[in-house]
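K.L.:
Quick one: structure below, then a few questions.
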Amino acid sequence: MTEEINLTIDGIPITTRAGTSVLDAALENAIYIPHLCHHPDLKPVGACRLCGVEIDGGRMTMSCLEPARAGIEVVTESPEIALVRRTAVELLIANHDMDCLACAAATDCELLRLSAHVSVQSERLERLKGLTELKPVDNSNPFFSFDPNKCVLCTICVRTCEEIQGVRALALINRGYETVIGTFGNKPFIESVCESCGECVVRCPVGALAPKRFQKPAREVQTTCTYCGVGCGLYLGVIGDRIVSARGDRERPSNHGQLCVKGRYGFKFINHPGRLTTPLIKRNGEFEEATWEEALDLVAEKFSQHKGDSFAALASAKCTNEENYLIQKLTRAAMGTNTVDHCARL
Ligand code: FES
């Protein structure tokens, strides 16, 4: 069992698990410490220098890298901390493309949240601007775009690709003001080893990596992905009877919120007008629309004409594991044969 420890943050006594970082301990207890390069799924790197705190009256230290220890007193706001944070945020914003109204992250942008928190002084921004020109946006990927002018170099995308996806398609390249996130050889995304899973896109805190098609759903429906036998949990976002988004279900043990390119972006077929949504029964050589009752009655009648090895079942990877279990049960127990197979060959 993990040991529990007690400490204080801004004078508030809190309890956390030994080994938790000071930043996570604060966030878990609803105490906000500004942060940009921290993500709970990833190892900390201390890159953005925004999460500074003072511990036991000592020098400023990055709370994402600092393990919480029993009895320490953490201070999250002081004149020195405020100055460092405001300067760090102003440097980020000075060279940031502030086209916020057209940005996919407009309603959920960590940089906007930070600039409000630290009271950015706009008159200082001009002086801090580097001699940079607008860099070209990479639109080569069919599902998302990458705008280096909005990137804050937090490296969350780089670490996601390495630590979660294990692909390592991205890295920090160049130096100084020219530093950008790029692929090997700084080729367009589509020519790299990127698998288009979108895991970096969902973690990007500022909209530099943004889906090309995004509509905020009116509601979400919890379901299971139909693409393969893994059975990833996802939430489909819906407007009316249209599916407009998909996101992973972090509570589902089969995927812990992660999705592949098909699960995340491959839902367009559901709304395709050519998709069959009613059963068809062939009568006089022509398919005719039928009700589900008519279709199921017909299938049951045909099944009743077979028993044992004149019957075989081929199950689909698009079914859930539970549905496939039922198919094998029906085949063995009701139809009296072991001739049952499955199309999933992952
Ligand atoms: Fe700690 Fe970025 S969150 S340095």
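No lab work stands behind these numbers, since they all come straight from the coordinates. Please read these numbers as outputs of a predicted model, since none were measured by experiment. Neighbour counts are summed over all protein chains in view; Cβ atoms, including those assigned to glycine, are modelled from backbone coordinates with ideal geometry.
K.L.:
With r defined as the distance between the Cβ atoms of L134 and A106 and R0 fixed at 22 Å, what FRET efficiency is calculated, to the nearest 0.05?
P.N.:
Numbers: r = 19 Å, r/R0 = 0.87.
With a Förster radius of 22 Å, E is 0.70.
K.L.:
What is the distance in Å between the Cα centres of the stretch 52-114 and the stretch 275-298?
P.N.:
The distance from the Cα centre of the stretch 52-114 to that of the stretch 275-298 comes to 61 Å.
K.L.:
Between beta-carbons, use under 15 Å as the cut-off and find the net charge around E251, counting Lys and Arg +1, Asp and Glu -1.
P.N.:
Once all neighbours under 15 Å are counted, the net charge is 0.
K.L.:
For the chain, what are the DSSP H helices with axial Cα length of 18 Å or more and mean Kyte-Doolittle hydropathy of at least 0.5? Don't jump to the answer; show the numbers that get you there.
P.N.:
Numbers: long enough: 79-94 (22 Å, 0.99).
Those that pass (Cα extent of 18 Å or more, hydropathy at least 0.5) are 79-94.
K.L.:
Can you figure out the FRET efficiency of V167 with F214, using R₀ = 30 Å and their beta-carbon distance, to the nearest 0.05?
P.N.:
Given R0 = 30 Å and the Cβ-Cβ separation, E is 0.85.
K.L.:
Would you calculate the separation in nanometres between label points at N284 and T337, each defined as 7 Å from the Cα along the Cα-to-beta-carbon direction?
P.N.:
3.3 nm
K.L.:
Moving to a separate point now. Would the stretch 213-342 count as rounded, prolate or oblate if I go by the C-alpha gyration tensor, calling it rounded below 1.5 in a/c and otherwise prolate when a/b exceeds b/c, oblate otherwise?
P.N.:
Numbers: a/c = 3.05, a/b = 1.52, b/c = 2.01.
It is oblate, given that a/c is not under 1.5 and a/b is not larger than b/c.
K.L.:
Okay, next question. For S119 and Y32, what does the FRET efficiency come to when R0 = 25 Å and r is the distance between their Cβ atoms, rounded to the nearest 0.05?
P.N.:
On the way: r = 15 Å, r/R0 = 0.59.
Efficiency, rounded to the nearest 0.05: 0.95.
K.L.:
Could I ask something else about it? Can you classify the stretch 1-88 as rounded, prolate or oblate using the Cα gyration tensor, where a ≥ b ≥ c are the square roots of its eigenvalues, rounded means a/c under 1.5, and otherwise it's prolate if a/b beats b/c and oblate if not?
P.N.:
Values: a/c = 2.01, a/b = 1.29, b/c = 1.56.
Oblate, because a/c is 1.5 or more while a/b does not exceed b/c.
K.L.:
Please check which bits of the stretch 55-91 a label hung off T8 would reach, taking the label as a point 7 Å along Cα-to-C-beta and the cut-off as backbone N under 14 Å.
P.N.:
55-57, 71-76
K.L.:
Related question: Can you give the calculated 222 nm mean residue ellipticity of the chain, where each DSSP H run of n ≥ 4 adds -39,500 (n - 2.57) and the sum is split over every residue, rounded to the nearest 500 deg cm²/dmol?
P.N.:
Computed ellipticity for the chain at 222 nm equals -6000 deg cm²/dmol.
K.L.:
Can you find, among G231, I243, V206, the residue sitting farthest towards the positive end of the charge dipole of the stretch 206-250, where Lys and Arg contribute +1 and Asp and Glu -1 at Cβ?
P.N.:
Checking the options against the dipole of the stretch 206-250, the answer is V206.
K.L.:
So, one more: Rounded to two decimal places and with Rh computed the Kirkwood way over Cα pairs, what is Rg over Rh for the stretch 245-320? Spell out each step's value before the answer.
P.N.:
On the way: Rg = 18.2 Å, Rh = 16.4 Å.
Radius of gyration over Kirkwood radius for the stretch 245-320 works out to 1.11.
K.L.:
Could you tell me which of the pairs K262/K329; K302/K329; K268/K318; K282/K302 are separated by over 24 angstrom between their Cα atoms in the structure shown? Could you put the intermediate results ahead of the total?
P.N.:
Working: K262/K329 29 Å; K302/K329 18 Å; K268/K318 16 Å; K282/K302 14 Å.
Among K262/K329; K302/K329; K268/K318; K282/K302, the Cα-Cα distance tops 24 Å for K262/K329.
K.L.:
On alpha carbon coordinates alone, what is the Rg over Rh value for the chain, Rh being the Kirkwood radius? Please list the in-between numbers first.
P.N.:
Details: Rg = 26.5 Å, Rh = 24.1 Å.
Using Cα coordinates only, the ratio equals 1.10.
K.L.:
Here's something else I'd like to know. Compute the length gained on full extension between C228 and F143: take 0.36 nm times their separation in residues and subtract their Cα-Cα distance, giving the result in nm to one decimal.
P.N.:
Contour length minus the Cα-Cα distance gives 28.6 nm.
K.L.:
Going by a ≥ b ≥ c, the root eigenvalues of the Cα gyration tensor, does the stretch 307-346 fall in the rounded group (a/c under 1.5), the prolate group (a/b larger than b/c) or the oblate group? Show your work: numbers first, answer last.
P.N.:
Values: a/c = 3.21, a/b = 1.72, b/c = 1.87.
Verdict is oblate for the stretch 307-346.
K.L.:
Of the chain, which part is the longest with no GluC sites (Glu not before Pro) in a loop (DSSP not H, G, I, E, B) and with at most 16 other C-beta atoms within 10 angstrom? Show your work: numbers first, answer last.
P.N.:
Details: sites that count: E3, E77, E133, E195, E251.
Longest stretch, sites excluded: 252-346.
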